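Below is one structure, written out as structure tokens, with a few remarks after it.
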Amino acid sequence: MKTLGQYLAEDYVAGLGTRYLGQRVVLSQEPVTQVIGKYSFNDFWKRHIRWGRIRKAQAPLAFMVEIFSYPALLSVSGAEILGPYLGVPKVDLLWALSFVFFYLDVAVMMSLGASVSPRSLFAWWVREALAPIQWVCVLMGNQVDWRGNLIKVEQGGLITVRNSTS
């Protein structure tokens with residue numbers, strides 16, 4: 001097995017290697033708090049593009065069906081398909097479905113002890129509205145910016161450092 005340093009998501013590859021060796025991978029039942037700090041919209045965007053391109057390289061089938069799990073697309077398609085069948089105006093059903101997804105995510109956030117503020121609620125709506133656009137951007141490339149380096153993520157997750165972006 002190649003060294004983990006050749007992968008941007010070495011934790012994922014370590015799990016695969018553990019399974020390859022016939023061992024079990026056991027996940028913690030306790031969530032790990034991740035403190036990211038304040039960052040710009042550009043940093044947010046680059047981070048999600050990086051994560052998406054890593055997922056695309058390491059689990060392409062899962063990445064391809066991921067778009068069908070996005071609340072924005074589920075709400076729109078649900079309203080389009082179910083609205084006429086149920087006799088409910090599409091726009092009303094769109095708002096109702098969006099609220100259901102919103103409520104479920106907020107309930108999960110609260111169950112994990114996350115602080116829920118008007119700002120975080122607004123951020124949820126922005127994130128979900130941008131998710132399908134991000135998915136397309138992820139699909140269209142294989143390079144990421146990681147700590148000032150332009151990195152090409154190959155099939156399977158191997159990386160090649162292109163150059164410094166600083």
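Values for this structure:
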quantity: Degrees between helix 71-86 axis and first principal axis of the chain (Cα, 0 to 90, nearest 10); calculated: 30
quantity: Radius of gyration and maximum dimension Dmax of the chain, Cα, Å; calculated: 18.9, 58
quantity: Under-5 Å amide H pairs with R162, H placed in peptide plane, nonlocal only; calculated: L150, I151, K152
quantity: Whole-angstrom gap from the stretch 54-103 to the stretch 108-166, using each part's C-alpha centre; calculated: 20
quantity: Neighbour-count ranking [beta-carbon atoms within 10 angstrom, fewest first] of D105, D11; calculated: D11, D105
quantity: Rounded to 10°, Cα long-axis angle of helix 118-139 versus longest principal axis of the chain; calculated: 60
quantity: For W124, W95, W135, order by how many other beta-carbon atoms lie within 10 Å, fewest first; calculated: W95, W124, W135
quantity: Positive dipole terminus of the stretch 14-166, leading residue within M64, L150, W45 (C-beta point charges); calculated: L150
quantity: Bins of 5 Å from zero: percent of alpha-carbon pairs in the stretch 71-157; calculated: 3, 12, 15, 15, 14, 14, 14, 8, 3, 1, 0
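Only the coordinates and a few stated rules stand behind these numbers; no lab work does. Nothing here was measured: the structure is a model prediction, and the numbers come from that model. Counting neighbours? That spans all protein chains shown, and the Cβs are built from the backbone with ideal geometry, glycine included.
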